[in-house]
Each structure stands twice: as structure tokens, then as C-alpha cells.
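As C-alpha cells, the structure follows; a few thoughts come after it.
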Ligand SMILES: NC(=O)c1ccc[n+]([C@@H]2O[C@H](COP(=O)([O-])OP(=O)(O)OC[C@H]3O[C@@H](n4cnc5c(N)ncnc54)[C@H](OP(=O)(O)O)[C@@H]3O)[C@@H](O)[C@H]2O)c1
């Protein structure tokens, strides 16, 4: 990949895609190709193929997907499996048909069995049952890995797959209906501060920017000065800052082929924390004072999901941002974005 290469970043406005674009631009790559979902629906095979035929991207970062937290995954099961399968099939097939030199497919640590032994090595794939709350998404992501592998084997493509752990950073999804755990925590604690300060104007601005909030959550916050958080807080999770992921994506795209990576490679920090500890850290970062009420009636998901990052570190890549520093940057972005 050189500075004049034609590079398509699919999903460039998302948490991952936006960070990859920033990093490519910082490093002087001049010919980036991007399309929003409305401009190009990647679930449509004909439109995807026409786009690849016209632009013939030499390098593709596949960061477009239907993504969401536990509730969204559990509610929109058919959409999660269909859209993610369709995007993967269409992009990977068109990349092959129209001569893409290299493609990086982004998957997720959800691909692993629910009770995988920890930390999870790449060879744990398909050794046991998946977590039921995100099985549709996981099945689509596993299919995408296999598509890349078999296109490499049958057609000699160079399509690689990276499996990131949970991510956070600028351009995250803070809609409490569909978000992941970390953006939900950040937003809930931020709101608790606004409620405590009686800052209605800012609360309304926040809702306009990041979407509605369950009236019950706000009511509880006002009456009891408690933030309701989902689940028991007991599960362990690992978190990677999105700029570190983008760094890993460029590192893999520039230095490693399907031959040295194998079927796919984990991307994470190799360190995890309980959701309870995480909630306390987010509360501290935001400077919130409200107490926490754990709603144990809500699902916890997989008990633990820590990636073994031995393979990528042995290639020479390391994450740079520790959780505390990442959270500070994340909150700064959030405040700026919500006009706070
Ligand atoms: N977020 C995480 O914690 C996490 C963790 C591990 C792995 N990943 C993986 O990283 C990748 C990117 O995730 P993300 O968090 O960046 O997601 P995101 O913030 O929700 O962004 C998804 C992007 O995909 C685009 N998109 C969705 N459906 C599309 C369609 N039918 N046609 C064209 N574009 C479409 C969206 O376009 P518009 O902006 O135009 O709507 C958006 O830019 C996914 O493969 C995901 O599995 C994410």
C-alpha cells in the first residue's frame, strides 16, 4: 500500500471506520474512497458490484456492519444475521471479482464460544456453543472469516481478518437502546451530573445529539439519585481504544499477508476488568456522584471474554492507550460533541 493507492474504507463514519480514515489521512494516504450507507447499501449485491467495477479499490478495509449491544443483538436477530452476511458476501466477492489486492475484514470477539478458556486463542474458534444473545451476529462474522479464507485458498486472494475485542472511542454509538456497555455507562453517568446540576438545557442538547433516554431511567435518577445499570456487573470485559485498533489495522494491512496471519488474528489489550470496576472508573472519569443500582434482571452476556494477543504482539504490534487515558480522551470527545 503506498500513498497513491486507491483505498476503500467501508463504514467510514462508524467507530472503527472513522478512526481508520483519520489514521490513513494522518499518514498521507491521498486516494481514500468512502460511501455512506445511504449512498451505497452494501447489502445490495448489484450496487456493491457496480461500485467495485467503477472504482476498483486496490485495498479495502471492511468496517461496515450492523453492530449493537446485547439488547439490539437479541431483538433484531434476523437483521443482524442477514445484513452482516450480505455485507460480507457482497464486499468480499466484489473485491475478488474486481482485483482488490488486499482486504482486511473486521470481525469481533463474539465469534468465540460462550465458555471459551481464557485468554482466548485464535484456535478456539468453533470448539463449543456460542453465546445465545449474539449468536446471529457471531455466525455472520464467522462466515466472513471463512469467506476470506476460502477465497484465498481457491482464488489466491490476500484477504485477512482481524478480531477486535470491545472497542470505544470517538464516534461511538451512545443511543442507549442499541449501544455497547461502555458508551452506555459514560452517557448515563454524564446525565446523572446534568440532572444533579439541574442543567435541563444541556440535558435536552444531549438527547438531541445522542438519542432518547428511557423516562424511567431519568425518573429514578431524579428521585433516588441512582444510576440504573444493566446486569450484575460481574462479567469481565476487555476494552481497546479505537485509535489503537486503527493502528493495528494499518499495521496488518501494510506488513502482513494472509500467509503469515493464518485464518485470522486477535486484536486487543490482553487485559480485562469487571463491569463493576469499569463503572467505578467511568464514574470517576466523569466526576459523577450518583449511586449505582444494578438491575440484575437484565442479561449479563458471556461471563468473560479476554483475548490472547500473543499472535499479534509476536508480529510486533502493541496497544498504546491504557483504559484510564482512553476514557479521559473519550469523555473529552463526548463533551465536545454534545456541546457541553
Ligand atoms: N464497536 C465495537 O465494540 C466492536 C468490537 C469488535 C468488533 N467490531 C467490528 O468493527 C466493525 C465496525 O464496527 P463499528 O463499531 O465501527 O460500527 P458502527 O459504529 O455501527 O459503524 C458501522 C458502519 O457501517 C456502515 N453500514 C452499516 N450497514 C451498512 C450497509 N448496509 N451498507 C453500507 N454501510 C453500512 C454504517 O454506515 P453509516 O454511517 O452511513 O450509517 C457505519 O459507518 C464491525 O465489523 C464490528 O463487528 C466492533
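A short reminder: the numbers here are calculations on the coordinates, not readings from a lab. Treat the numbers as computed from the prediction; the structure is a model and nothing was measured. Methodologically, a virtual Cβ is constructed for each residue, glycine included, from the backbone with ideal geometry; neighbour enumeration extends over all protein chains shown.
Some points to look at:
- Helix-only arithmetic for the chain: the sum of -39500 (n - 2.57) across DSSP H runs with n ≥ 4, divided by the residue total, places the mean residue ellipticity at 222 nm at -14500 deg cm²/dmol.
- Selected from 169, 14, 316 as most flexible by GNM, with the chain as the system and alpha-carbon contacts under 10 Å: 316
- With R₀ set to 25 Å, the beta-carbon distance separating residue 54 from residue 209 gives a calculated FRET efficiency near 0.10.
- Hydrodynamic estimate: the Kirkwood radius of region 273-340 over Cα pairs, inserted into Stokes-Einstein at 4 °C and 1.567 mPa s, corresponds to D of 86 µm²/s.
- Helix axis angle, 135-155 relative to the chain longest principal axis, alpha carbon, degrees: 20
- Counted over the chain, the DSSP beta bridges are approximately 10% antiparallel.
- When the chain is treated as a GNM with alpha-carbon contacts under 10 Å, the residue of 68, 156, 233 showing the greatest mean-square fluctuation is 156.
- Residue 298-residue 226 FRET efficiency (beta carbon distance; Förster radius 22 Å; 0.05 resolution): 0.90
- Of the three principal axes defined by the Cα atoms of region 192-340, the extents in descending order read 58, 33, 23 Å.
- Reciprocal mean inverse distance between Cα atoms of the chain - Kirkwood radius, Å: 20.6
- Between the Cα long axis of helix 323-337 and the first principal axis of the chain there is an angle of about 80°, rounded to the nearest 10.
- Helix 181-196 axis versus longest C-alpha principal axis of the chain: approximately 30°, rounded to the nearest ten.
- Size descriptor for region 132-172, Kirkwood hydrodynamic radius: 12.1 Å (Cα pairs only, one decimal).
- Computed from label points 7 Å out along Cα-Cβ, the spacing between residue 5 and residue 39 is 2.1 nm.
- Once C-alpha pairs closer than 8 Å and six or more residues apart are averaged by separation and normalised to the residue number of the chain, the relative contact order reads 20 percent.
- Among 283, 77, 141, the largest mean-square fluctuation in a Gaussian network model of the chain (Cα springs under 10 Å) belongs to 77.
- Within region 226-340, antiparallel bridges make up roughly 20 percent of the DSSP beta bridges whose residues both belong there.
- Longest to shortest principal axis, alpha-carbon extents of region 240-286, angstrom: 43, 18, 10
- Binning the alpha carbon pair distances of region 13-160 at 5 angstrom intervals from zero yields the distribution 2, 9, 17, 20, 21, 16, 10, 5, 1, 0, expressed in whole percent.
- For region 136-227, the fraction of alpha-carbon pairs in successive 5 Å shells from zero, as %: 3, 11, 17, 16, 11, 8, 7, 8, 7, 5, 4, 2, 1
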